[in-house]
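The values are calculated or read from the model by the stated rules, or taken from the named source; none is laboratory data. Since the structure is predicted, the reported quantities are computational estimates derived from the model, not experimental observations. Virtual Cβ from ideal backbone geometry, glycine too; neighbours counted across all protein chains shown. These area figures cover heavy atoms from the full protein model, side chains too; ligands, DNA and RNA do not enter into them. Shrake-Rupley method; radii C 1.70, N 1.55, O 1.52, S 1.80 Å.
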Amino acid sequence: MAGSLTLRVITPERIAFDQTVEAVRLPGADGQLGILPRHANMIAALDVGLMRYRAGGKEAALFVSGGFCEVRDSTVRVVTEAGERPAEIDEERAREAERRARERLSQGRAQTGEPLDILRAEAALRRALMRLRAREFRSE
Ligand code: ATP
């Protein structure tokens with residue numbers, strides 16, 4: 001097919017996404033990465049965030065949890081710790097993760113918590129907030 005990309009999202013547990021798309025935008029570690037068909041081959045590190053893509057003329061989103069992406073010959077492979085479509089995200093679980101992370105952050109900062117624990121709590125908070133943001137795209 002002219003002007004399309006194969007987009008695959010691979011996690012330790014499953015292939016979370018495998019579809020032909022027209023365009024994809026990824027949360028690169030150094031900023032947003034826009035990828036269209038015939039993009040140059042590349043490898044880039046990813047941040048936790050939303051992967052946005054257009055398929056069949058419609059925009060949609062998927063939560064991705066860091067990792068990296070490889071673009072080769074109009075195939076985009078995303079290798080990430082977790083990849084979830086909006087409808088797969090358990091909102092209650094994400095809210096609970098957000099609550100726990102905020103609690104750890106407020107305790108940690110008050111009690112000169114271990115820097116590593118604070119970084120972990122910040123990362124968990126970011127995952128939870130991004131999952132909740134991804135839920136907003138579930139009707140698309
Ligand atoms: P939690 O503290 O709730 O486990 P987490 O951010 O630590 O959240 P991850 O380590 O990112 O979880 O993911 C572990 C596994 O659980 C992955 O398979 C991921 O897809 C899944 N997962 C985590 N949170 C959710 C959620 N809110 N809804 C659906 N799946 C989730």
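Summary of values
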| quantity | calculated |
| --- | --- |
| Verdict on R100 being near the ligand (Cβ under 9 Å from one of its atoms), in contact with a strand residue (DSSP E or B) (Cβ under 9 Å, 6 or more places away or on another chain), not in a loop (DSSP other than H, G, I, E, B) and not assigned by TED's automatic domain parsing to the domain that holds F17 | no |
| Selected residue [within 12 Å of the chain's Cα centre (by Cα), on the phi > 0 side of the Ramachandran plot and of a type outside the set (S, T, N, Q)] from G66, G3, G56, G28 | G66 |
| Residue within region 84-93 that is in a strand (DSSP E or B), modelled with pLDDT of 95 or more, open to solvent by 50 Å² or more (accessible area, probe 1.4 Å) and under 24 Å from R120 (Cβ atoms) present | no |
| Cross-chain or 6+ apart pairs with Cβ under 7 Å, region 79-107 first and closer than 20 Å to A61 by Cα, then within 7 Å of the ligand (Cβ to nearest atom) and part of a loop (DSSP other than H, G, I, E, B) | T80/T11; E81/T11; A82/T11; G83/T11 |
| Lone unmet requirement of (1) out of contact with any helix residue (DSSP H, G or I) (no Cβ under 8 Å at 6 or more places or on another chain); (2) surrounded by 15 or more Cβ atoms within 10 Å (Cβ to Cβ); (3) among the hydroxyl-bearing types (S, T, Y) for S106 | (2) |
| Single match in V71, V76, V48, V24 (criterion: within 11 Å of the ligand (Cβ to nearest atom) and not assigned by TED's automatic domain parsing to the domain that holds A123) | V48 |
